[in-house]
Structure formats: C-alpha cells, structure tokens
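Enquirer: Dumping the structure here so I can ask a few things about it.
The values are calculated or read from the model by the stated rules, or taken from the named source; none is laboratory data. All values reported here derive from a predicted model rather than from experimental measurement. Note: ideal-geometry Cβ built from the backbone for every residue, glycine included; neighbour counts use all protein chains shown. Just so you know, the surface numbers come from the protein's heavy atoms only, side chains and all, with ligands and any DNA or RNA stripped out. Shrake-Rupley method; radii C 1.70, N 1.55, O 1.52, S 1.80 Å.
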Amino acid sequence: MAEQHSEKKMSRRRFIRNSGYVAGGLVGGGIIGGLIGANMNDEQEGTNTQGEHQGTSFLQAPLYFTNPEMFAVLVAASERIFPSDDNGPGADELGVAYYIDHSLAGSWGNNAREYMQGPFFPGSNFQGYQSPLKRHEVFDTGIKALQKVANDKHDKNFPDLEGEQQDAILTSFQNDEVELKGVTSKTFFNILRAATIEGVYADPAYGGNINMEGWKMKNYPGHQMSYYDKIESDEFMEIEPQALHSYTK
Amino acid sequence: MAEKLPKTDVVIVGMGWAGSIIAAELGKEGLKVVGLERGKERGLKDYYVVHDELRYAIRYELMQDLSKESLTFRNNQKERALPMRQLGSFLLGEGSGGSGVHWNGQSFRFLPYDFEIRSKTIEKYGESKIKGLQIQDWGITYDELEPYFDKYEKVAGISGEEAHFGPERSNPYPTPPMKETPLTKRFKDATNSLGMHPYHMPSANLSEPYENMYGAKIANCQYCAFCERFGCEYGAKADPTVAVIPYAKETGNVDIRNFANVTEIIHEGGKATGVKFVDVLTKEEFIQPADTVVLTSYVMNNTKLLLHSKIGKAYNPENGTGVIGKNYCYQILPGSTGFFEEERFNTFMGAGALGATIDDYNGDNFDHSDLNFIHGGSISINQSGKRPIGSNTVPSGTPNWGAEFKAQSIKYFTRSLNIGTQGASMPVQHNFMDLDPTYKDAYGLPLLRLTYDFTEQDKELYNYIGKIADQIMLEMGADKVNERSNLESYDIVPYQTTHNTGGVIMGAEPETSAVNNFLQMWDAENVFVVGASAFAHNGGYNPTATVGALAFRAAEGILKYSKEGGMLA
Ligand SMILES: Cc1cc2nc3c(=O)[nH]c(=O)nc-3n(C[C@H](O)[C@H](O)[C@H](O)COP(=O)(O)OP(=O)(O)OC[C@H]3O[C@@H](n4cnc5c(N)ncnc54)[C@H](O)[C@@H]3O)c2cc1C
Ligand code: SF4
C-alpha cells in the first residue's frame with residue numbers, strides 16, 4: 001500500500017511540476033483542486049478502491065493557493081527541506097504542501113491570535129517577528145521570490161531545478177541574502193522550515209503526515225491513551241500509532 | 001458609561017492557582033467573592049481530543065490571545081522596545097485555571113536560603129559577594145511559610161519523597177512519588193556514583209488517586225506524554241479547574257465571571273474602591289465595587305494594572321528607587337543533551353513532572369567562596385514525553401534542514417536524552433518593567449514594557465551548572481554531549497520557561513518592597529497582590545508551590561484584614 005501510495009503521489013507531482021503545461025490552458029481557469037483532480041481522478045479512484053484511506057485523499061485539496069505554479073514551488077521547496085530518503089517519504093508524499101496550504105487559509109495564516117498592531121520597526125535579533133505582513137502574505141512574497149530567483153539565475157522554474165540548485169537558493173534565503181518587501185528572506189525561510197516539519201508530524205487531520213508515515217519514521221506512536229503499564233519497562237517499544245481520529249471513530 | 005454592579009466583599013482579578021485558592025479560602029469563611037477572569041470558563045470536560053501537539057503545544061490553544069494584549073520587550077534602555085507579536089520565550093495563561101491548566105506540575109518548595117538570600121549571603125561571604133545585585137530578603141522565612149506550603153501540597157495532592165537537601169517539612173508529601181522509569185533510574189545511578197543526592201521530582205501529576213480537603217478527586221496519572229501545554233483529560237494533574245474552582249463555587253459565596261478583563265483599579269485616598277472591567281465579548285464596561293481588591297493576574301498584569309492605575313510608587317531604573325516594576329527576574333537554563341549510539345529509549349512516554357532531581361548545586365548547598373556567582377540551580381532529568389514537532393534533536397554541526405537533518409533527527413528521537421537545569425536569577429537595577437509609551441492593548445491601555453538581559457552573574461552560573469549537567473550526562477553513558485553555546489543576550493523567541501518573577505515584590509520595608517509578608521500593599525492596605533510577582537528574586541526551581549503557599553498566606557491575611565482592618569505587618 002505504501003508503494004502504491006507513493007506512486008500515486010509521484011505522478012501527481014510530475015503533473016503539477018509540469019506547470020507550463022497546466023498554465024498553457026489545458027484546464028486553465030479552474031481552481032487547482034480541479035486542475036489536479038481533472039487529470040488524476042481515475043488514478044486516484046483506482047488507488048482508493050485498493051484501500052487508500054478515503055478521508056486522507058479528501059484533505060488533499062488546496063484551500064489557499066490559487067495558482068498552480070506557486071503551489072508547485074511550495075511542494076518542491078518543502079521537499080528539499082524534508083526530502084524522501086531511506087528512512088521513508090519526504091514532504092511531498094506526506095502531503096506537507098497541503099498542510100501548509102490549509103494552515104495559510106486559517107487563523108495561523110492570518111496571525112489571528114498575535115499582536116499585529118503598528119507601528120512596525122525591524123527590531124533586533126532578539127525581539128522576534130516584527131513584520132507587518134501576515135503569514136499568508138509572507139508566503140505569497142517568499143514563494144514568488146523563490147521562483148523569481150530560479151528564473152533569473154537558471155532560466156527555469158524552481159520545481160524544475162536540480163536538487164542542489166534548489167538547495168543553494170533556499171540557503172541564500174536562509175542566510176538573508178535575498179531582498180524581499182516587508183519581510184526578510186530569513187524570516188520567510190524559517191517559517192517555511194518550521195511549517196514543513198509541522199506538516200510532517202502534525203496529526204493527519206491537518207492534511208499532512210499522510211497515513212501517519214511521518215510518525216512511523218520516528219517510531220512515534222501518536223495519540224495513546226496511556227503508558228501506565230509500559231513506562232517502567234526496560235524494553236524499547238514499537239507501538240502501532242494512532243491518530244486523533246481514533247477518539248471519535 | 002460603565003455600569004456599576006452591586007458591591008462585594010472581595011474582588012479577585014485572575015482565576016489561576018493564586019486567584020482560585022484565595023477565592024476558595026475566603027468563600028469557605030463566608031466572605032462574598034467575585035472572581036473576574038478575562039478568558040473562557042473551562043474544566044475537565046473541555047480537555048477532550050487533547051492529544052494534538054500542533055494545536056496545543058505549537059499553536060498555544062490554551063494560552064494568551066496576543067491579538068488582545070501582549071507586552072513589549074527590549075534588552076536594554078537604549079533600545080526601542082517592540083511588541084512580543086507571537087508567544088515564544090514564555091507562555092502566558094488565559095482562562096479559568098490560568099497557566100495551572102497547561103503546566104507540568106513540577107512542585108518544589110523554594111529553599112530557606114531563598115527567603116533570606118541577602119542576609120545569608122553576606123553573613124557567609126561578606127558584602128562584596130553581592131556587589132551589583134539588587135537582592136533582598138523576602139520579609140518572611142521558610143519556617144514561617146512552611147505551614148502554607150503544607151496546605152498547598154495538600155490541595156494539589158503532590159506526589160513526592162524526602163530529599164537530602166530538602167528543608168524541614170511538617171508532613172510527608174500527600175502521595176508517594178511517581179513511578180521509577182529506566183530514565184529516572186539511570187539519572188539516579190549516575191548522580192549517586194558521582195556522590196550527589198538524587199530524589200524523585202515532586203509532582204502534581206499524581207501517583208495515585210487522591211481526595212483533597214475541598215473534596216476534589218484527583219485521578220492517578222496515565223503517563224500519557226501530553227502534559228505540558230495540554231489540559232489533562234483524566235483529571236490526574238492538579239489544576240485549579242479540577243482541584244479548587246468547583247469547591248470555591250460550591251461554597252455559594254464565590255461568583256466567577258469569565259470574559260471579564262479588568263482595566264483599572266479604582267482608588268481614592270489611598271484605598272481601592274473596586275475595579276473596572278470590560279466584557280471582552282460584548283465590550284460593555286462595568287465597575288465592580290469591593291472592600292478588598294486582590295490581584296492574581298500573574299507577574300505581567302499585576303505590575304501593569306498597578307502602574308496604569310497609579311497605585312504604589314513606580315520603579316525608577318536610574319536610581320533604583322520606587323517599587324512597582326522592580327526586580328524582574330527569569331531563569332538561567334543550561335541543559336545537556338546526550339546522544340546514545342547503542343540504545344533506544346521510550347522517550348515518547350512520560351508525564352510533565354516525571355523525573356529525578358539533584359540539589360547539590362542549588363542555593364547555597366555548595367561553597368561559593370571561589371566562585372563569581374551566588375546561588376545555583378536544580379538539575380533534573382524530566383521524562384515529560386518527547387513529541388515529534390517539538391523534538392528534533394541533532395548533534396551539534398548538523399544543518400537544520402535537508403537530508404542530513406532528516407536522518408539525524410529521526411535517528412536521535414529515541415536515542416538522545418536531556419538533562420535540564422533551572423538556574424536562579426538575580427535582580428539587577430536595569431532589569432525591570434514599566435509601561436510602554438507607544439503600544440496599546442485592545443482596550444486602549446499601554447502594554448507593559450519589559451527591559452531585560454542576562455548578566456555576568458547569570459553567565460558564570462550558566463557555565464558552571466552546565467558543566468555539571470554534562471558530567472552527569474556522560475556518567476549516564478552518553479557517547480557524546482552537545483556543545484553548549486555561551487549565554488549571550490536574552491532572546492524573546494525560543495521557549496525557555498514561564499517562570500517570570502518580580503514587579504510587585506514582597507519585603508519587610510515599604511521603601512524597597514511593594515507588599516508586606518501578607519502580600520498586602522504598603523501603599524494601599526485593601527489591595528493584595530499575589531503571585532510570582534512577589535518574588536524578590538527567582539530561585540532554582542519552578543515557582544508554583546511557592547506561589548501556592550503565598551496564596552494561602554494572603555488568604556489568611558485578607559480574612560484578618562476583613563475583620564480588623566489596618567496594616568497586617
Ligand atoms: C507550559 C508551562 C509549564 C509550566 N510548568 C510548571 C511546573 O512544572 N511547575 C511549576 O511550578 N510551574 C510551572 N509553570 C508555571 C505555572 O503555570 C505558573 O507559575 C502558575 O500557573 C501561575 O499561577 P497564577 O495564578 O499566579 O497565574 P496564572 O495562572 O497566569 O493566572 C492568572 C490569570 O489571570 C488572568 N488575567 C490576567 N490579566 C487579567 C485581567 N486584566 N483581567 C482579568 N483576568 C486577567 C489570566 O487570564 C489568568 O487566567 C508552567 C507554566 C507553563 C506555561
Ligand atoms: S501525563 Fe498524567 S497528569 Fe499529565 S496529562 Fe497525561 S495523564 Fe494527565
């Protein structure tokens with residue numbers, strides 16, 4: 001199942017990556033859910049009938065991004081931050097971009113529970129976030145800039161670059177070498193990095209950590225009601241993980 | 001125009017541990033109490049589906065909504081203070097139970113040395129030892145406070161055992177210590193072999209079911225590992241919403257009003273007449289008249305409400321005079337991270353206050369003659385349960401993203417351990433709180449402004465205690481320990497601890513302290529200000545047991561005041 005799962009995601013990724021093709025008008029004008037769904041539906045349905053968790057796939061739709069090229073940049077960038085390797089799936093297969101997308105659409109993306117009154121000043125290294133931009137605006141700005149740097153430097157879109165080229169660009173953001181408006185590239189990178197890790201390990205209810213695969217890599221059992229009978233044991237334990245879903249099912 | 005409500009005997013601002021205890025104790029004795037709490041009502045039934053790391057631990061679901069109120073911060077007076085726009089360094093509470101809902105429950109009594117730190121240090125090392133430090137005695141001794149510690153521990157049902165350096169106790173802990181785990185045992189074996197004196201961490205996650213004197217039933221802990229930053233769905237963590245508030249209401253004398261944000265203490269001729277508050281949902285304003293006003297709104301708002309209402313003399317950092325905003329302290333936290341190549345541990349299991357501790361390097365339990373600092377800190381292993389977003393420990397030098405980061409953070413999730421320390425923090429003239437000239441909260445009040453940085457004393461303590469933590473970690477069998485960077489400037493972003501102290505400190509003289517040892521204001525006899533705001537410096541432990549003891553002390557004082565009036569000390 002895991003293999004089928006990743007195959008499905010790979011083909012979807014390839015589809016998104018070919019953003020020129022999409023923007024070229026084949027299904028132009030539709031929302032990205034439609035874009036992805038339109039061509040991939042058959043494949044997805046097929047997987048579903050073979051046991052793919054129904055609830056999971058319903059979460060794999062953008063609620064914030066409206067532009068498939070930008071979404072593809074997010075997919076590619078988060079995959080470099082948490083790449084697929086021998087340990088298991090990377091950000092892309094884990095649905096991290098959907099996690100981030102959904103978060104940007106909600107209160108986190110809108111800094112709803114944070115102090116956002118002016119005046120705004122840059123601040124020292126120890127005074128924390130001081131940008132007037134909300135996180136969704138930081139992402140709009142940052143993701144666009146990743147694409148622009150890729151275009152300027154390599155004459156290609158960010159998702160089409162080699163891994164090392166992508167890493168070099170991300171590193172320049174992390175090192176604050178790219179000028180952005182209203183926010184530093186370092187701040188954008190730090191939020192992107194943190195959000196990627198959240199998407200890998202947050203409960204699958206949030207759209208990432210598909211099938212709890214993030215947890216499985218870390219031998220993390222997710223939500224367990226009790227370790228009362230286990231905590232004294234000298235043995236290392238591998239416990240089948242459970243998600244929040246198990247509270248209500 | 002604000003609507004005037006019927007007068008009450010006592011109005012309490014803030015329903016955390018301090019406010020709840022005082023409400024229950026006064027209600028029990030027949031005083032009419034109104035408790036005003038800016039956040040939601042909550043209780044056991046509201047902690048359902050709580051094992052969600054993102055929502056509670058990363059997005060701070062249970063904590064202060066900064067869009068309504070925050071504070072500003074700068075490292076020193078030359079800088080422009082800017083708002084703390086997001087929570088980070090500390091996590092302020094909001095809602096019934098305050099931070100007591102999402103705390104860990106590590107429950108230490110401050111040391112006898114703490115309460116008389118100035119006299120005891122001078123006595124042993126001479127006046128020169130405290131140069132540059134604004135330390136002072138608390139106006140109360142450990143022995144005087146002991147009965148109140150005892151009461152607090154009985155309310156919370158604390159699970160613990162006698163400690164080698166532990167001060168005298170009138171009674172054993174109400175419940176036995178929590179379970180011994182491979183990790184607590186390993187820490188104890190290592191420290192024992194180094195000649196130190198380990199004991200099980202005193203815990204408000206209870207080892208067995210317990211019923212307190214209010215009739216509240218607290219369950220036994222399930223070691224579920226969703227403790228710190230979460231509410232306990234089992235009612236196994238002593239929390240004011242479980243252990244105190246239901247009883248306070250049962251007395252029939254305590255009326256708790258939620259969504260009531262107090263904006264001002266109204267006063268006349270040196271006495272308070274009541275408080276003004278805003279209903280945060282409807283935005284209506286009310287005046288609650290009262291004979292006695294009690295502030296239990298935590299360090300920040302205890303200070304802010306007094307400064308804004310102009311009660312007590314504001315602290316002046318230029319010459320160290322005045323008291324409100326004085327002696328803000330924090331904590332110094334050098335930890336040790338150890339990596340184990342051959343072993344894996346069940347690091348994902350745990351409880352907030354499951355651990356083992358040594359006090360060999362705390363307070364004045366060791367000789368400071370040849371050291372350039374005073375005090376010290378507790379050193380503990382705390383098996384609170386690692387969670388995957390928050391815990392991505394990697395060896396020094398590993399990048400913080402990409403393939404290598406992924407591989408190492410996965411590998412060491414179950415192969416690294418941490419030793420934590422809580423180093424004491426000493427006040428200095430230029431670390432303080434006042435009102436910000438620029439930024440306002442949602443109700444138009446100025447934000448509190450925090451000016452704070454680490455000092456030479458802090459750096460010396462940090463290095464010394466950190467090395468001992470490393471020594472223990474290596475003795476525990478770690479293949480390597482992470483390099484620790486030096487303590488530089490205080491940074492408000494990474495989480496450190498919610499052990500903020502000072503601002504309305506207690507003491508024996510009105511010139512140098514804001515409240516007496518009944519937590520009664522020298523400058524307004526019917527105002528009592530309770531919480532870690534009263535700490536004249538911060539010790540090497542978590543604060544809440546000491547806050548709880550002070551709350552019982554204050555309750556006794558308020559009761560006495562309601563009968564006799566006048567200054568109590
Ligand atoms: C994550 C975490 C872990 C912790 N772990 C430990 C631990 O293991 N051991 C320990 O000893 N301590 C621990 N603490 C600290 C502990 O939680 C606090 O010391 C304790 O809860 C403080 O109690 P309090 O009643 O003084 O204040 P609070 O609990 O902060 O209560 C103050 C209340 O006042 C309300 N309030 C504030 N301003 C207003 C206003 N203007 N109008 C109306 N209401 C207002 C707030 O909403 C709040 O409910 C921890 C804290 C955190 C955040
Ligand atoms: S660890 Fe224990 S006290 Fe803490 S939340 Fe879980 S069951 Fe409750």
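Enquirer: If residue B:497 satisfies all but one of (1) assigned to a strand (DSSP E or B); (2) open to solvent by less than 30 Å² (accessible area, probe 1.4 Å), what's the number of the condition it fails?
Expert: (1)
Enquirer: Are there any pairs, at least 6 apart or on different chains, whose C-beta atoms fall under 8 Å, with the first in the range B:535-546 and away from chain A (no Cβ under 14 Å) and under 18 Å from residue B:461 (Cβ atoms) and the second within 16 Å of ligand 2 (Cβ to nearest atom) and open to solvent by 10 Å² or more (accessible area, probe 1.4 Å), and if so, which?
Expert: From residues that are away from chain A (no Cβ under 14 Å) and under 18 Å from residue B:461 (Cβ atoms), the pairs are B:541/B:106; B:542/B:104; B:542/B:106.
Enquirer: Sticking with this structure for a sec: Restricting attention to the range B:174-187, which residues are in a helix (DSSP H, G or I), touching a strand residue (DSSP E or B) at 6+ places or on another chain (Cβ under 7 Å) and within 14 Å of chain A (Cβ to nearest Cβ)?
Expert: Within the range B:174-187, B:183, B:184 qualify.
Enquirer: Can I ask one more? Is it true that residue B:234 is within 14 Å of chain A (Cβ to nearest Cβ) and away from ligand 1 (no atom under 14 Å from the Cβ)? Write out each step before concluding.
Expert: Details: within 14 Å of chain A (Cβ to nearest Cβ): yes; away from ligand 1 (no atom under 14 Å from the Cβ): yes.
Criteria met by residue B:234.
Enquirer: Does at least one position in the range A:148-165 carry a residue that is within 11 Å of chain B (Cβ to nearest Cβ) and either within 20 Å of residue B:406 (Cβ to Cβ) or crowded, with 19+ Cβ neighbours inside 10 Å (or both)?
Expert: Yes, the range A:148-165 contains a residue that is within 11 Å of chain B (Cβ to nearest Cβ) and either within 20 Å of residue B:406 (Cβ to Cβ) or crowded, with 19+ Cβ neighbours inside 10 Å (or both).
One line per residue, one yes/no per condition, for (1) facing chain B (nearest Cβ under 8 Å); (2) modelled with pLDDT under 95:
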residue	(1), (2)
A:187	no, no
A:215	yes, no
A:231	yes, no
A:238	no, no
A:249	no, yes
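Enquirer: Another question about this same structure. For the subset of the range B:202-215 comprising residues that are surrounded by 24 or more Cβ atoms within 10 Å (Cβ to Cβ) and away from chain A (no Cβ under 14 Å), which member is farthest from ligand 1 (Cβ to nearest atom)?
Expert: So in the range B:202-215, the residues surrounded by 24 or more Cβ atoms within 10 Å (Cβ to Cβ) come out as B:202-206.
Those still in the list that are away from chain A (no Cβ under 14 Å) too: B:202, B:204.
On the way: B:202: 10, B:204: 7 Å.
Within the range B:202-215, the match that is farthest from ligand 1 (Cβ to nearest atom) is B:202.
Enquirer: Considering only the range B:190-207, how many residues are within 12 Å of ligand 2 (Cβ to nearest atom), part of a loop (DSSP other than H, G, I, E, B) and not hydrophobic (A, V, I, L, M, F, W, C)?
Expert: 1
Enquirer: Any residue at all in the range B:218-239 that is away from ligand 2 (no atom under 15 Å from the Cβ), open to solvent by 50 Å² or more (accessible area, probe 1.4 Å) and at pLDDT 95 or above?
Expert: There is no residue in the range B:218-239 that is away from ligand 2 (no atom under 15 Å from the Cβ), open to solvent by 50 Å² or more (accessible area, probe 1.4 Å) and at pLDDT 95 or above.
Enquirer: Let me ask something additional. Select from the range A:141-190 the residues that are touching a residue at least 12 places away in the same chain (Cβ under 8 Å) and of a type in the set (Asp, Glu) and list them in ascending order.
Expert: Once the filter is applied, which keeps residues that are touching a residue at least 12 places away in the same chain (Cβ under 8 Å) and of a type in the set (Asp, Glu), the range A:141-190 yields A:160, A:167.
Enquirer: Scanning for something open to solvent by less than 20 Å² (accessible area, probe 1.4 Å), under 30 Å from residue B:382 (Cβ atoms) and either within 16 Å of ligand 2 (Cβ to nearest atom) or hydroxyl-bearing (Ser, Thr, Tyr) (or both), does the range B:124-141 turn up at least one residue?
Expert: No, every residue in the range B:124-141 fails to be open to solvent by less than 20 Å² (accessible area, probe 1.4 Å), under 30 Å from residue B:382 (Cβ atoms) and either within 16 Å of ligand 2 (Cβ to nearest atom) or hydroxyl-bearing (Ser, Thr, Tyr) (or both).
Enquirer: Filter the range A:190-209 down to the residues that are of a type in the set (Val, Ile, Thr) and facing another protein chain (nearest Cβ under 9 Å), then identify the one that is surrounded by the most Cβ atoms within 10 Å (Cβ to Cβ).
Expert: A:200
Enquirer: Any chance the range B:450-459 includes a residue that's of a type in the set (Asp, Glu), open to solvent by 30 Å² or more (accessible area, probe 1.4 Å), under 21 Å from residue B:532 (Cβ atoms) and part of a loop (DSSP other than H, G, I, E, B)?
Expert: Scanning the range B:450-459, I find at least one residue that is of a type in the set (Asp, Glu), open to solvent by 30 Å² or more (accessible area, probe 1.4 Å), under 21 Å from residue B:532 (Cβ atoms) and part of a loop (DSSP other than H, G, I, E, B), so the answer is yes.
Enquirer: Scan (1) more than 16 Å from ligand 2 (Cβ to nearest atom); (2) touching a residue at least 40 places away in the same chain (Cβ under 8 Å) for the single condition residue B:171 breaks and write down its number.
Expert: Residue B:171 satisfies all of (1) more than 16 Å from ligand 2 (Cβ to nearest atom); (2) touching a residue at least 40 places away in the same chain (Cβ under 8 Å) except (2).
Enquirer: From B:39, B:35, B:16, which residue is at pLDDT 95 or above, away from ligand 2 (no atom under 16 Å from the Cβ) and closer than 11 Å to residue B:248 by Cβ?
Expert: B:35
Enquirer: What residue, among those in the range B:286-311 that are more than 15 Å from ligand 1 (Cβ to nearest atom) and open to solvent by 10 Å² or more (accessible area, probe 1.4 Å), is nearest to the chain's Cα centre (by Cα)?
Expert: B:310
Enquirer: Another question, then. Suppose the filter is without any contact (Cβ under 8 Å) to a residue 60 or more places away in the chain and of a type outside the set (Val, Ile, Thr); does residue B:180 pass it?
Expert: Yes; evaluated as a whole, the condition is true for this residue.
Enquirer: Let me ask you something else. Would you mind finding the one in B:542, B:517 that is within 16 Å of ligand 2 (Cβ to nearest atom) and open to solvent by 10 Å² or more (accessible area, probe 1.4 Å)?
Expert: Numbers: B:517 fails: within 16 Å of ligand 2 (Cβ to nearest atom).
Only one candidate passes the filter, namely B:542.
Enquirer: Residues to consider are A:119, A:68, A:83, A:62; find the one that is of a type outside the set (A, V, I, L, M) and closer than 30 Å to residue B:76 by Cβ.
Expert: A:119
Enquirer: When you scan the range B:345-384, how many residues do you find that are part of a loop (DSSP other than H, G, I, E, B) and open to solvent by 10 Å² or more (accessible area, probe 1.4 Å)?
Expert: Initially, the range B:345-384 is screened for residues part of a loop (DSSP other than H, G, I, E, B), giving B:345-349, B:351-354, B:359-376, B:383-384.
Next cut, open to solvent by 10 Å² or more (accessible area, probe 1.4 Å) only: B:345-346, B:360-361, B:364-367, B:369-372, B:383-384.
Of the residues in the range B:345-384, 14 are part of a loop (DSSP other than H, G, I, E, B) and open to solvent by 10 Å² or more (accessible area, probe 1.4 Å).
Enquirer: Within the bounds of the range A:131-140, is there any residue that is more than 14 Å from chain B (Cβ to nearest Cβ), within 19 Å of the chain's Cα centre (by Cα), closer than 30 Å to residue B:57 by Cα and open to solvent by less than 10 Å² (accessible area, probe 1.4 Å)?
Expert: Scanning the range A:131-140 turns up at least one residue that is more than 14 Å from chain B (Cβ to nearest Cβ), within 19 Å of the chain's Cα centre (by Cα), closer than 30 Å to residue B:57 by Cα and open to solvent by less than 10 Å² (accessible area, probe 1.4 Å).
Enquirer: What number goes with the only condition from (1) of a type in the set (Gly, Ala, Ser); (2) open to solvent by 40 Å² or more (accessible area, probe 1.4 Å); (3) within 16 Å of ligand 2 (Cβ to nearest atom) that residue B:314 does not pass?
Expert: (3)
Enquirer: Just name the residue that is nearest to residue B:184 (Cα to Cα) out of those in the range B:311-354 that are of a type in the set (A, V, I, L, M) and within 14 Å of another protein chain (Cβ to nearest Cβ).
Expert: B:354
Enquirer: Now for a different question. Since residue B:388 meets every condition but one in (1) more than 12 Å from chain A (Cβ to nearest Cβ); (2) open to solvent by less than 10 Å² (accessible area, probe 1.4 Å), which condition does it not meet?
Expert: All conditions are met except number (1).
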